[in-house]
């Protein structure tokens, strides 16, 4: 479970951090620090096995028959990226402790940060491609939360939406590409895919898979033309920017390209798609970075450029290019994380990041100035620093692959090197000269431990640059061997390789970059230039915003011409679609044109005559008396329950009966919000011909729809089938599910994952209803509250003796009926306990217990109930979902697929032998969710009724008033 702990512990820490109080900044930082340090310890324990070439795997069965398993896999490449995520994460946590203000919601920050860390580790450690996509999208979601952390700022909200839209859309493309790869290989297992490179490249769907996977990787790593989202993500706090854009978020795309290199690389399509996007990105990003006036904006575009460099190396596709790409990924993470933290220190101490204002900081921030200069030199590729080594390897590969014919690749590489020197000089220029204006805050050196992560990362840049073979060589070799296998080349990590073409290109880039910066500063007024020359009109962000506006306007046009706010036309279109579209698409099923008729049972037919009469009468009475219409519609529900019972489906009959009871009361509470019926005298007016035609049309469509569904249901029931799925469950329910009630065993064992999804959706619906009703204010009876209360008191004083006696009888009955709660609770427990072998179960028991709560609300009112019973439906929902998920996860501990049921027989004193399946616990989670959902919607509706009435009385009076008001 070591690999699983690497992912699960950060997510658990995220939940724990979210529960901490707002003023506990030290505790949250310590929690995140300890969790990250423990992750480093676990990863360190894996090093001996990984360094020996072993591939570690932990598998958790999910749907093994369909090739879907949760697989955690660690080889050299995954281990190196795991260490990168955790080491930089540890530095960021320490830095964030001092950067974040106590006024900020710090628990939320560390909660999001740990969740993002767990998501990124999930991407790195996934051994199944579908699982990788799930974690991939989790990184998009958690980065959205981190970028929009200061959600009161418009730029943070815009940047978060833009980043999420682009990366999540790329994630959908990646999912499609993964499905295509799985179709080609016949498996989603990463090892199978990596070993099937020849088969994938020779398949006719190779280009489709390549384009889809490339879209996912290029959007995540901000490659052209999707690079525009990264600078807008700078609205996040600096610790977030340092983490997301040095070691995690944007590195996920290049990690995926390196990961799938054995399966997809080696074709001209790979070279042109990946390499072409990288060349455009490295030049555009580096050029724009020179003209930025915001420190973080400069670093953002420099990140884009360096990611383009890595992508070019991956696109080149030679073994040495892959070595250089992995090497630069590690180098870029160190110097870029230190530069972002330095930018945060400058912003924290001076109150500004504007390059046009910042000058002469070396006097107030001497240590920070030295650290920033060294990091910037590493970014520029100065010798004896780590950036120089990987950039020299980049120059060498472009010159080797380009040759004499494709010399433009070498020119592009040198141009990018010149631009990187220029924007690095602009970054360090803030420490020289004399400040022209005072800063918003008087700068001074930051706290010692806030600067420590920068110092450590700068030392790494120096050590790797001076002794690379000793410091980074073994680690780099792990990743290279895991990626290239037997085709791994021999390479020499040394700060000096003699005079060669790569060294000449480095010298030209350094000298040319210095000259370019001097010329731009002296002759082109670099500080005052507002736009990027040549390409300032080509704005990807503007194109994105224009596209989103067009998309919104298109949706509005469709809504205006095809949509309606009226319920009746919506139902008409839905019914027509159900009746016509299936016939147009598939026609009449073969062999179903002749449906056998059997002798009808008079009693069954009589029941349905009653049900049809209730339905027609309910529709008619809806025009005059809504309460009566609701009662009649309830009659149809009872007939439906009787039908289920007639057809030997007692579980469905119980569920239908309880659902009818609960929904009737909930609708009664909702009737208060409907407008009053029109006056009776208006009903005697002549109804226009158009209204009669519309109603006749609607009646015919409704009757046709009902008959079509009845005919289809009857055909399914009587049509002979060679084999049915029912036989499978009937034969295996007792032997494999441990229960004789096939319906319940089906729900909590065979199809338990479906049930888990259904209760999750049910919880989401309940929370949505609750959230909407909290913001809804009924207009009825909301004016002149004191006058209403006075009128109510006057009405009570003028009641006749008979009315007062009836009210007294109602109160006395209410007192006795309040005793129903324990009795109905016992009934609910009875149906719950017998559900695995007899009709019942968690869903039915939950509805029965919810009815017990409903009775209390009806008799005593919301205020009386909540003053005496701590309902807390949110906790019921959360507890039920956690219990259901924990039951499924518990199966993994014994090496079985998710939600596998186990049965035990326990002998207890007095009770004797008890049948205890693990599905019992899952069913209890379903029970809790059903109770919580019903109570949550009930509480929301009851409170709205009281708010509308402004005179909280007894609950039964609320229900009665709701019906009378709609007469």
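The values are calculated or read from the model by the stated rules, or taken from the named source; none is laboratory data. Note that the coordinates shown come from a computational prediction; the quantities given were computed from them, not determined experimentally. Counting neighbours? That spans all protein chains shown, and the Cβs are built from the backbone with ideal geometry, glycine included.
All but one of (1) without any contact (Cβ under 8 Å) to a residue 60 or more places away in the chain; (2) in a helix (DSSP H, G or I); (3) closer than 26 Å to residue 451 by Cα hold for residue 119, so report the exception by its number.
With (1) without any contact (Cβ under 8 Å) to a residue 60 or more places away in the chain; (2) in a helix (DSSP H, G or I); (3) closer than 26 Å to residue 451 by Cα applied to residue 119, the lone miss is (3).
How about the range 664-704: which of its residues are at pLDDT 80 or above and under 40 Å from the mean Cα position of the chain (by Cα)?
Within the range 664-704, 664, 667, 702 meet the criteria.
Please count how many residues of the range 615-638 are over 13 Å from residue 664 (Cβ atoms) and under 42 Å from the mean Cα position of the chain (by Cα).
0
Residue 212 passes all but one of (1) over 22 Å from residue 541 (Cβ atoms); (2) buried (at least 24 other Cβ atoms within 10 Å of the Cβ); (3) not assigned by TED's automatic domain parsing to the domain that holds residue 402; which number fails?
Only one criterion is unmet by residue 212, namely (2).
Tell me, which helices (runs of 4 or more DSSP H) wholly within the range 233-297 include 3 or more residues that are in the same structural domain as residue 402 (by TED's automatic domain parsing)?
On the way: elements: 238-244, 249-259, 261-264, 276-290.
Correct list: 276-290.
Could you check, for the range 74-81, whether at least one of its residues is surrounded by fewer than 21 Cβ atoms within 10 Å (Cβ to Cβ) and not assigned by TED's automatic domain parsing to the domain that holds residue 483?
Step one: filter the range 74-81 for residues surrounded by fewer than 21 Cβ atoms within 10 Å (Cβ to Cβ), giving none.
No - not one qualifying residue is present in the range 74-81.
Please enumerate the residues belonging to the range 17-37 that are touching a helix residue (DSSP H, G or I) at 6+ places or on another chain (Cβ under 8 Å), surrounded by fewer than 18 Cβ atoms within 10 Å (Cβ to Cβ) and closer than 30 Å to residue 59 by Cβ.
Result: 37, single match.
Tell me the residue from 899, 847, 817, 910 that is at pLDDT below 70 and either on the phi > 0 side of the Ramachandran plot or buried (at least 19 other Cβ atoms within 10 Å of the Cβ) (or both), please. Don't jump to the end; show me each part of the working.
Values: 899 fails: at pLDDT below 70; 847 fails: at pLDDT below 70; 817 fails: either on the phi > 0 side of the Ramachandran plot or buried (at least 19 other Cβ atoms within 10 Å of the Cβ) (or both).
One residue alone meets the criteria, 910.
Which one is modelled with the lowest pLDDT, of the residues in the range 513-549 that are in a helix (DSSP H, G or I), out of contact with any helix residue (DSSP H, G or I) (no Cβ under 9 Å at 6 or more places or on another chain) and closer than 21 Å to residue 418 by Cβ?
Of all residues in the range 513-549, those in a helix (DSSP H, G or I) come to 513-523, 540-549.
Right, trim to out of contact with any helix residue (DSSP H, G or I) (no Cβ under 9 Å at 6 or more places or on another chain) and you get 519, 522-523, 542-543, 546-547, 549.
Checking the rest, the ones that are also closer than 21 Å to residue 418 by Cβ come to 519, 522-523.
On the way: 519: 90, 522: 80, 523: 72.
Only one residue fits best here, namely 523.
Yes/no matrix, rows are residues, columns are (1) in contact with a strand residue (DSSP E or B) (Cβ under 8 Å, 6 or more places away or on another chain); (2) free of Cβ contacts under 8 Å to residues at least 12 places away in the same chain; (3) farther than 26 Å from residue 88 by Cβ:
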residue: 384; (1), (2), (3): no, no, no
residue: 399; (1), (2), (3): no, no, yes
residue: 405; (1), (2), (3): no, yes, yes
residue: 418; (1), (2), (3): no, no, yes
residue: 421; (1), (2), (3): no, no, no
residue: 433; (1), (2), (3): no, no, yes
residue: 462; (1), (2), (3): no, no, no
residue: 473; (1), (2), (3): no, no, no
residue: 487; (1), (2), (3): no, no, yes
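Taking residue 604 as the residue in question, decide whether it is closer than 30 Å to residue 740 by Cα and modelled with pLDDT under 85.
Working: closer than 30 Å to residue 740 by Cα: yes; modelled with pLDDT under 85: yes.
Judged against the criteria, residue 604 is a match.
Is it the case, given these coordinates, that residue 358 is more than 38 Å from the chain's Cα centre (by Cα), closer than 27 Å to residue 471 by Cα, in the same structural domain as residue 414 (by TED's automatic domain parsing) and at pLDDT below 95?
On the way: more than 38 Å from the chain's Cα centre (by Cα): yes; closer than 27 Å to residue 471 by Cα: no; in the same structural domain as residue 414 (by TED's automatic domain parsing): yes; at pLDDT below 95: yes.
So residue 358 does not fit the description; no.
Tally up the residues in the range 122-166 that are under 20 Å from residue 546 (Cβ atoms) and more than 12 Å from the chain's Cα centre (by Cα), please. Working first, answer last.
Restricting attention to the range 122-166, the residues satisfying the condition of being under 20 Å from residue 546 (Cβ atoms) are 154-155, 157-166.
With the extra rule that they be more than 12 Å from the chain's Cα centre (by Cα), the set shrinks to 154-155, 157-163, 165-166.
So the answer is 11.
Only one of 176, 154 is over 20 Å from residue 254 (Cβ atoms) and at pLDDT 95 or above; which? Full working, then the answer.
Values: 154 fails: at pLDDT 95 or above.
Going through 176, 154 in turn, the sole match is 176.
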